[in-house]
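Student: Attaching a single structure in structure tokens format; questions to follow.
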Amino acid sequence: MCGLLGLLSSAESADSARDSVAAALHCMRHRGPDDPGVWNDTDVVFGFNRLSIIDIAHSHQPLRWGPPESPDRYALVFNGEIYNYLELRAQLAADEGARFRTEGDGEAIVAAFHHWGPGAVSRLRGMFAFAIWDTETRSMFLARDPFGIKPMFIATGPGGTVFGSEKKSLLELLGQVGLGDELDARAIAHYTVLQYVPEPETLHASITRLESGTYATVTPGTRPRTHRYFSPQFESRPVPAGAEQRVYDRIAAALSDSVAKHMRADVTVGSFLSGGIDSTAIAALAIGHNPDLITFTTGFEREGYSEVDVAAESAEAIGARHVVKVVGPAEFAAAIPQIAWYLDDPVADPALVPLFFVAREARKHVKVVLSGEGADELFGGYTIYKEPLSLKPFEHLPAGLRRAAGRLSQRIPEGTRGKSLLHRGSMTLEERYYGNARSFDDARLRAVLRDYRPDWTHTDVTAAIYATTVGWDPVARMQHLDLFTWLRGDILVKADKITMANSLELRVPFLDPEVFEVARTLPTDQKIAGGTTKYALRRALEQIVPAHVLHRKKLGFPVPLRHWLAGPELHDWARETIAASGTDHIFDKSAVATMLDEHRAGTVDNSRRLWTVLFFMVWHAIFVEGTITPDIDEPTYPVEL
């Protein structure tokens, strides 16, 4: 696990490029405080900050490996973990005669690439973003894991290509490759609509992201050539009568195997525990491998915004030691600039703030935590996935009648029962569903965003994704869309950036190729059934999780943002942020202030819309205006826990 940074260029001297990379590397010192360093060849400079997890003493980076006739042919920088590395090493040794010098997972990546070529990435079971430099072909190979758990930013200009784990480090190197740092107006519009910046965009026009499930090759003087190696396919298959239990057993077995492999580490592994079924299942399986498992949760003192009691009950039921962090509004507000700095691009999900604090608390006790991200996307856990069932009668209406229903819905007063049903029933799935973010409608967006363009909306992002799922059932199409939008744009960004901000590694056993292989064939009636979601998963976990969480409604780490923005906790902070912001050319600040007034008066709940804009304003003050300088501490965590 590390923060990696690289510069591929023939235009700069090695010494000059090396100094630049070393300076830029400091921006992501939190990703690996154990073992920093810089290495260079004629055309390439690698920088790395290592967080030692597996083979702590020997697997330094960049890792050099090669066949016996050329033992240092390749250089690797690698961010992540390969959970089947023991099996891969054994297979490579037996089938290919590969020899290894360390006990770590990095050598398995390079040896697999040498013997199997780019196809090796499909055999890796883990989370990863890595770069391999081939000193003989003078070429670079970059790859990212199937679901996008680990990040990889990339920028190519006339002077070469830079790539790395954090965008802020790339911003330091843009001048080296002849690029500027202008913002991307379309990406800003997408962020305002979706509350995150969708891949492959970033808010800076010259920097993109290597997409999840993709690899790229690049040589000095050329642009990267990308290839998608993982295209998830949901293929609903009916379950024969009487065969249901076999399906549930397969789910339980796949998840149990995944947790077992995710527990591989030379350091202590803990688990986040929110009180819901997903994180509880992971913790319950993990404690079978570590009887001294520590679980961590967070919450707020306000009633209805905390699962602390439920999580504590779950921890007691499975026999885990439990640690709780309660977050107050003052420390919440004080942490916002730090969090915006760590994120690189804004993510307007307020749950990332309590995640920041529970990650900081966890890092005092462990170096790795497991978490339950990905279960909802794979097994059908979001309540919105029920919508196709409620809207099914509209599918039989002629197109003209559906449009008429939409026009009728516009004349019905706000708050009237049935208005939303008519409106959403009048639209196709592609028109109405773009993930869990649904704050700004077109009218509100036009009022707030100065550079409003109707074509820069959610369909600009989702159309190509939907085009690959024509003919699938509606729930499977929604799941697929979420894999490429909400999951990798919001959930996994905050999971990686916020835990790594605290030099803590987060692992997500649900997002495993073998677990996905089981989940992808489930029919709709094994996802949405009996008035609940994740039906098959709940059945599979009946013998694993405590009964009190098996059918609980999903809550997660909720934030009392609606109350705080209307009250003394955050209202003054919000008004001051709007007044001081230099984003007048991006947002109509008077319209934003009006939203705040409406929210305080209680006439409209504008909390999510306000948070979207306010968080961007803080980000802009840090990365563009330079008027906010967050207090970023040097990592002081112990090397081993």
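Student: In square nanometres, what is the average projected area of the Cα convex hull of region 108-198?
Tutor: 7.5
Student: In Å and whole numbers, how far do the C-alpha atoms of region 158-242 stretch along each principal axis, longest first?
Tutor: Projected onto its principal axes, the Cα set of region 158-242 covers 64, 35, 18 Å.
Student: For Cα pairs less than 8 Å apart in space and 6+ apart in sequence, what is the mean separation divided by the residue count of region 455-563, i.e. the relative contact order in percent?
Tutor: 13
Student: May I pose another question? Rounded to the nearest percent, how much of the accessible area of region 296-382 (1.4 Å probe, protein heavy atoms only) is carbon and sulfur?
Tutor: Taking all protein chains in place, region 296-382 shows 47 percent carbon and sulfur surface.
Student: Would you mind telling me the share, in percent, of accessible area of region 458-535 contributed by carbon and sulfur at probe 1.4 angstrom?
Tutor: 57
Student: Here is a follow-up. Please report, as a whole percent, how much of the solvent-accessible surface of region 95-234 comes from carbon and sulfur atoms (probe radius 1.4 Å).
Tutor: Numbers: 1970 of 4370 Å².
That fraction is 45 percent.
Student: Could you tell me which GluC sites (Glu not before Pro) in region 237-305 are loop residues by DSSP with no more than 14 other beta carbons within 10 angstrom of their beta carbon?
Tutor: GLU301, GLU303
Student: Pick out, from ILE318, ALA519, LEU565, the residue whose Cα sits farthest towards the positive end of the charge dipole of the chain, with +1 on the Cβ of Lys and Arg and -1 on the Cβ of Asp and Glu.
Tutor: Working it through, the farthest residue towards the positive pole turns out to be ALA519.
Student: Under the definition of Cα pairs under 8 Å and six or more residues apart, what whole-number percent is the relative contact order of region 517-641?
Tutor: 17
Student: Here is a follow-up. Dipole of region 516-556, Cα-centred, from +1 at each Lys and Arg C-beta and -1 at each Asp and Glu C-beta, to the nearest 20 debye?
Tutor: 200
Student: Then there's this: Residues of region 177-325: accessible area per residue at 1.4 Å, in Å²?
Tutor: 41
Student: To continue, here is another question. Provide, as a two-decimal number, the C-alpha radius of gyration of region 344-490 over 2.2 N^0.38 Å, N being how many residues it has. If you can, show how the numbers build up before the last one.
Tutor: Numbers: Rg = 18.6 Å, N = 147, 2.2 N^0.38 = 14.7 Å.
Taking N as the residue count of region 344-490, the ratio is 1.27.
Student: Also, I was wondering about something else. Return one whole number: the accessible area per residue of region 532-614 in Å², for a 1.4 Å probe. Intermediate values should be presented prior to the final figure.
Tutor: Numbers: 3620 Å² over 83 residues.
On a per-residue basis, region 532-614 sits at 44 Å².
Student: Residue by residue through region 425-435, what is 3J(HN,Hα) from phi via Karplus (6.51 cos²θ - 1.76 cosθ + 1.60, θ = phi - 60°)? Round to whole Hz and write x for glycine and proline.
Tutor: x, 7, 9, 6, 4, 4, 7, 8, 10, 9, x
Student: Here's a follow-up. Given a cut-off of 22 Å, name the pairs among LYS419/LYS534; LYS150/LYS325; LYS367/LYS534; LYS364/LYS497; LYS150/LYS527; LYS167/LYS497 whose C-alpha atoms lie farther apart than that in the structure shown.
Tutor: Violating the 22 Å limit, Cα to Cα: LYS419/LYS534; LYS150/LYS325; LYS367/LYS534; LYS150/LYS527.
Student: For the pair TYR229 and ARG552, how long in nm is the line joining their label points, each one 7 Å along Cα→Cβ?
Tutor: The two pseudo-label positions are separated by 3.9 nm.
Student: Rounded to the nearest 10 Å², what accessible area does LYS392 have for a 1.4 Å probe in the complete protein model?
Tutor: The accessible area comes out at roughly 110 Å².
Student: Mind giving me the FRET efficiency for GLU517 and THR629? R0 is 60 Å, r the Cβ-Cβ distance, nearest 0.05 is fine.
Tutor: 0.80
Student: In cubic angstrom, how much convex hull volume per residue do the alpha carbon atoms of the chain span?
Tutor: With only Cα atoms used, the chain gives 154 Å³ per residue.
Student: Per residue, what accessible area does region 387-511 have, given a 1.4 Å probe and all protein chains present, in Å²?
Tutor: 44
Student: Summing -39500 (n - 2.57) over the DSSP H runs of n ≥ 4 in the chain and dividing by its residue number, what mean residue ellipticity at 222 nm do you reach, to the nearest 500 deg cm²/dmol?
Tutor: Values: 26 runs with 246 residues, N = 641.
For the chain, the value works out to -11000 deg cm²/dmol.
Student: Taking the convex hull of the Cα atoms, report for region 499-641 its projected area averaged over all directions, in nm².
Tutor: 14.7
Student: I've got another one for you. With +1 on each Lys and Arg Cβ and -1 on each Asp and Glu Cβ, and nothing else charged, work out how big the dipole of region 357-396 is about its Cα centre, in Debye to the nearest 20.
Tutor: 380
Student: Could you check how many percent of all C-alpha pairs in region 289-425 are farther apart than 18 Å? Numbers along the way, then the final one.
Tutor: Numbers: 6671 of 9316 pairs.
So the pairs more than 18 Å apart make up 72 percent of the total in region 289-425.
Student: Using 0.36 nm per residue of separation minus the Cα-Cα distance, give me the extension gain between HIS365 and ASP95 in nm, one decimal.
Tutor: 93.1 nm
Student: Further question on the same structure: To the nearest 20 Debye, how big is the dipole of region 159-237 about its Cα centre, given +1 on the beta carbon of each Lys and Arg and -1 on that of each Asp and Glu?
Tutor: Details: 8 positive and 9 negative charges, 56 e Å.
So the magnitude is around 260 debye.
Student: Beyond 15 Å, what share of the Cα-Cα pairs of region 175-225 remains, rounded to the nearest whole percent? It would help to have the intermediate numbers written out before the result.
Tutor: Details: 722 of 1275 pairs.
That tail contains 57 percent of the Cα-Cα pairs.
The values are calculated or read from the model by the stated rules, or taken from the named source; none is laboratory data. All values reported here derive from a predicted model rather than from experimental measurement. Quick reminder, even Gly has a Cβ in these numbers, built from the backbone with ideal geometry, and neighbours come from all protein chains shown. Side chains included, ligands, DNA and RNA excluded: accessible areas come from the protein's heavy atoms. Shrake-Rupley method; radii C 1.70, N 1.55, O 1.52, S 1.80 Å.
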